[in-house]
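The values are calculated or read from the model by the stated rules, or taken from the named source; none is laboratory data. Please read all numbers here as calculations on a predicted model, not as lab measurements. All Cβ positions, glycine included, derive from the backbone under ideal geometry; neighbour counts span all protein chains shown. These area figures cover heavy atoms from the full protein model, side chains too; ligands, DNA and RNA do not enter into them. Shrake-Rupley method; radii C 1.70, N 1.55, O 1.52, S 1.80 Å.
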Amino acid sequence: QVQLVESGGGLVQAGGSLRLSCAASGRTFSGYAVGWFRQAPGKERAFVGAIHWSGGSKYYADSVKDRFTISRDNAKNTVYLQMNSLKPEDTGVYYCAAKVGGNTYSTAADFGSWGQGTQVTVSS
């Protein structure tokens with residue numbers, strides 16, 4: 001399996017931006033679809049967005065559509081989550097996850113490799 005490490009989290013005011021990175025190691029990353037999930041205190045882990053292994057297809061939760069953008073650089077084994085117009089409800093621990101195969105991208109159980117998470121806090 002591929003190993004994943006997230007970075008880029010932090011504290012930001014509402015309306016601000018952050019860019020999260022998900023760096024992969026261990027195996028060829030280009031064949032993996034990557035998803036971003038987040039977990040707020042006391043809540044279940046929720047789908048944020050995902051990107052096909054080729055980068056040609058991207059999927060977003062309705063709550064982040066038009067504010068968040070996923071991209072990937074397979075040469076650098078890295079996937080990015082650009083988050084703009086952040087809101088306090090975006091606060092949580094953000095995880096990236098990777099999977100091979102299948103055509104569903106919003107279910108956490110479908111992803112076999114996970115990072116340790118990075119905290120994002122948006123103040124009002």
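For G92, which of the numbered conditions (1) loosely packed, with under 15 Cβ neighbours inside 10 Å; (2) over 19 Å from V2 (Cβ atoms); (3) among the small types (G, A, S) fails to hold?
The single condition G92 does not satisfy is (1).
Taking the stated definitions as given, is A50 open to solvent by 40 Å² or more (accessible area, probe 1.4 Å) and out of contact with any helix residue (DSSP H, G or I) (no Cβ under 7 Å at 6 or more places or on another chain)?
The answer is no for A50.
Within segment 8-37, track down each residue that is over 18 Å from A75 (Cα atoms), under 12 Å from the mean Cα position of the chain (by Cα) and either open to solvent by 40 Å² or more (accessible area, probe 1.4 Å) or free of Cβ contacts under 8 Å to residues at least 24 places away in the same chain (or both).
Within segment 8-37, just R19 meets the criteria.
Just checking: which of the strands (runs of 3 or more DSSP E) contained wholly in segment 65-124 hold 3 or more residues that are under 14 Å from F47 (Cβ atoms)?
It comes to 92-99.
Can you confirm whether segment 53-61 contains a residue that is assigned to a strand (DSSP E or B), among the aromatic types (F, W, Y) and either farther than 14 Å from F111 by Cβ or open to solvent by less than 60 Å² (accessible area, probe 1.4 Å) (or both)?
yes
Which residue pairs have Cβ atoms closer than 6 Å, lie 6 or more positions apart in sequence or on different chains, and pair a first residue in segment 58-70 that is among the aliphatic types (A, V, I, L, M) with a second residue that is open to solvent by 70 Å² or more (accessible area, probe 1.4 Å)?
The qualifying pairs are I70/K58.
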